[in-house]
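Asker: Here's a structure for you.
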Amino acid sequence: MDAVEPAQRAEQERRRLMAQGYERVYAEYEYWGGPVGGVANVDGVACYFLSRYVTEELDTETGEYFVWPVGRSVLDLEIERYRLLSAWIHGSDGRDSPGPVVSSRHEELDDQLASHRCIPQDCATRVASWAYFDVVHYRLDGPGYLVRWNPESSHR
């Protein structure tokens with residue numbers, strides 16, 4: 001039996017999950033034991049997601065996220081920011097937090113993106129299921145997980 005390289009195995013698992021309806025996660029900007037905030041496709045449209053559990057300080061994790069569309073130029077900035085973070089982590093000595101500052105460009109992007117990450121009044125709420133396809137979390141092409149959204153939604 002041929003040995004499958006970890007990167008090939010991750011790509012096979014990613015494709016398998018996408019065939020089951022999981023969608024791409026482009027970037028994350030918060031992660032506390034699970035995805036909290038970032039950008040992912042929601043029914044094929046790039047959207048911000050932000051955990052209702054964290055933002056409203058709920059007592060029980062419900063898997064609910066606020067979701068709202070993100071424009072292409074802002075998506076490109078989020079992807080750039082995430083790539084800078086991933087490259088910084090992979091260039092470190094392997095620790096989870098190599099140091100306090102990724103780069104001045106990373107900080108500049110955080111400042112530019114802050115207003116876009118604010119939950120709009122008319123956003124939808126969706127329940128997410130997360131599926132990890134790679135043991136490498138911080139990948140240059142996005143986090144090592146995908147998302148599937150419950151088709152039912154509500155508006156804020």
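The values are calculated or read from the model by the stated rules, or taken from the named source; none is laboratory data. Here the structure is a predicted model, which means the values were calculated and not measured. Quick reminder, even Gly has a Cβ in these numbers, built from the backbone with ideal geometry, and neighbours come from all protein chains shown. Just the protein is used for accessible areas: all its heavy atoms, side chains included, with ligands, DNA and RNA removed. Shrake-Rupley method; radii C 1.70, N 1.55, O 1.52, S 1.80 Å.
Asker: So which residues in region 119-140 are out of contact with any Gly (no Cβ under 8 Å at 6 or more places or on another chain), open to solvent by less than 80 Å² (accessible area, probe 1.4 Å) and assigned to a loop (DSSP other than H, G, I, E, B)?
Answerer: 119, 120, 123, listed by residue number.
Asker: I've got another one for you. Condition first: of a type in the set (D, E, K, R) and either on the phi > 0 side of the Ramachandran plot or at pLDDT 95 or above (or both). Now tell me which residues in region 29-59 satisfy that. Spell out the reasoning first.
Answerer: Applying the first criterion (of a type in the set (D, E, K, R)) to region 29-59 yields 30, 43, 52, 56-57, 59.
Passing the criteria: 43, 57.
Asker: Say we look at region 146-156 and pick out the residues that are part of a strand (DSSP E or B) and at pLDDT below 95; which of these is most open to solvent (accessible area, probe 1.4 Å)? Quick ask: steps written out before the conclusion?
Answerer: In the first step, residues of region 146-156 are kept if they are part of a strand (DSSP E or B); the result is 146-149, 154-155.
From what's left, at pLDDT below 95: 154-155.
Numbers: 154: 56, 155: 137 Å².
Going through the qualifying residues, I end up with 155.
Asker: Contact list please: Cβ distance under 6 Å, first residue in region 29-54 and free of Cβ contacts under 8 Å to residues at least 24 places away in the same chain, second residue in a strand (DSSP E or B) and open to solvent by 60 Å² or more (accessible area, probe 1.4 Å), pairs at least six apart or on different chains.
Answerer: 47/69
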